[in-house]
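Comments concern the structure below.
The values are calculated or read from the model by the stated rules, or taken from the named source; none is laboratory data. For clarity, every value in this text was computed on a predicted model and none was experimentally measured. Using ideal geometry, Cβ is built from the backbone for each residue, glycine included, and neighbour counts are taken over all protein chains shown.
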Amino acid sequence: MITNENTEAMASHLETTSMPCRCEEDNTERFDAADRATRAGCDMRTIIRRYNLEGELTVETRAWIKKHDREDAERIAKENAEGIRQRVKQNALDKLTLEERRVLGL
C-alpha cells in the first residue's frame, strides 16, 4: 500500500543518493528490485561504452540504453533548471575540510 510516508521516504532517498540512475516505481518491494536492476544496467552501460562494446549488445539492450540515456538527459536538464544539482554539489563541497579543499584546488 502506498502511503504519503512511503512516497516521502522514496523522494528523500532519491534526492540524497549519489548514483543518478534510478527506477521510479510505486511499490516499494518492486521499486527496490527495479532500482537495483536499473543501477546495474547503468553501471554495465558505462563499462561497455568504455571498451566500445555496444555493438555486442542485443537490439533490445541497445534500445534500453538509448531510452535510459534520453531519460538521464531529461532528468539532468530538469535538475539543472531547478538548481538541484548545484545544491547537491554544494552540500558535498560543504562537507570537505579546508585541507581537502586545498588538495582539490578549490
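Below, the figures for the structure above:
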quantity	calculated
In the range 15-37, residue modelled with the lowest pLDDT [restricted to those that are hydrophobic (A, V, I, L, M, F, W, C) and in contact with a helix residue (DSSP H, G or I) (Cβ under 9 Å, 6 or more places away or on another chain)]	Met19
Flag for Ala63 being over 13 Å from the mean Cα position of the chain (by Cα), at pLDDT below 90 and not basic (Lys, Arg)	no
Set Ala40, Ala73, Ala81, Ala11: member being among the hydrophobic types (A, V, I, L, M, F, W, C), at pLDDT below 90 and within 15 Å of the chain's Cα centre (by Cα)	Ala11
Pairs, first surrounded by 10 or more Cβ atoms within 10 Å (Cβ to Cβ) in the range 84-106, second part of a helix (DSSP H, G or I) and modelled with pLDDT under 90, C-beta under 7 Å, six or more apart	Arg85/Glu79
So Glu60, is it under 28 Å from Ala34 (Cα atoms), without any contact (Cβ under 8 Å) to a residue 12 or more places away in the chain and surrounded by 10 or more Cβ atoms within 10 Å (Cβ to Cβ)	no
